Amino acid sequence: LEHTPDGPLRERLLEVGDRITRGVEECWEVAQKGQVLTDARRAVDIDAVRRTLETAEDGPRRTSAQARLESHDRLAAREEATRERLDVLDARLEEAVVRAAELGTRSSTTDELDVVADAVDGIVGDLESLRLALDDVSDA
């Protein structure tokens, strides 16, 4: 950015930089909420649950153990899906940063930067959606 002369391109780069900053903040919030999933899953003593399922006869203990196992499995699946989605969005955000930096180092038009800005907006929107989907986990 320091090599980009004053003008519309520099101003647009600054705007895109602000959007990228928002994307990084969203990544951090999603990661924190993902940690809540991990903590909740780890709170289940899965070995004890499995032992109970192996030894308990049909009844309330077995039913409870089965419910805990199913909850654990759902948390694990959601945790993995969140991790995978965040990895993809993070990679896309990094790509946008590099593309914006590249455009700032050559004679580019604001139209070229608009494509990057649109990509960043889409990424930030996807990150916000992911964060909102995880809000109920953090609130629980």
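The angle between the Cα long axis of helix 8-42 and the main principal axis of the chain comes to about 10°, on a 0 to 90 degree scale.
Under a model in which nothing but the beta-carbon of Lys, Arg (+1) and Asp, Glu (-1) is charged, segment 17-140 shows a dipole of about 600 debye around its Cα centre.
When only Cα pairs under 8 Å and 6 or more residues apart are kept, what is the percent relative contact order across the chain? Intermediate values should be presented prior to the final figure.
Details: 110 pairs, mean separation 64.0, N = 140.
Reported relative contact order: 46 percent.
Solvent exposure of segment 29-140 amounts to 60 Å² per residue of accessible area, where only protein heavy atoms count and the probe is 1.4 Å.
Normalised Debye scattering of the chain at q = 0.15, 0.17, 0.20, 0.22 Å⁻¹ gives log10 I(q)/I(0) of -0.77, -0.88, -1.05, -1.16, counting only Cα atoms as equal scatterers and leaving out solvent.
Given a 1.4 Å probe and every protein chain left where it sits, what share in percent of the accessible area of segment 54-131 is carbon and sulfur?
Values: 2360 of 4740 Å².
Carbon and sulfur together cover 50 percent of it.
Given q = 0.26 Å⁻¹, what are the Debye log10 I(q)/I(0) values for segment 17-71, with equal point scatterers placed on the Cα positions and solvent ignored? After summing over all Cα pairs, the log10 values are -0.93. Residue-wise HN-Hα couplings along segment 54-68, as the Karplus relation 6.51 cos²θ - 1.76 cosθ + 1.60 with θ = phi - 60° gives them from phi, are 6, 10, 6, 7, 4, x, x, 4, 5, 4, 5, 4, 5, 5, 5 Hz; Gly and Pro carry x.
The values are calculated or read from the model by the stated rules, or taken from the named source; none is laboratory data. Quick caveat, the model's predicted, so the values are computed rather than measured. Positions of Cβ are generated from backbone atoms using ideal geometry, with glycine treated the same way; all protein chains shown enter the neighbour counts. The area values use the complete protein model at the heavy-atom level, side chains included, leaving out ligands, DNA and RNA. Shrake-Rupley method; radii C 1.70, N 1.55, O 1.52, S 1.80 Å.
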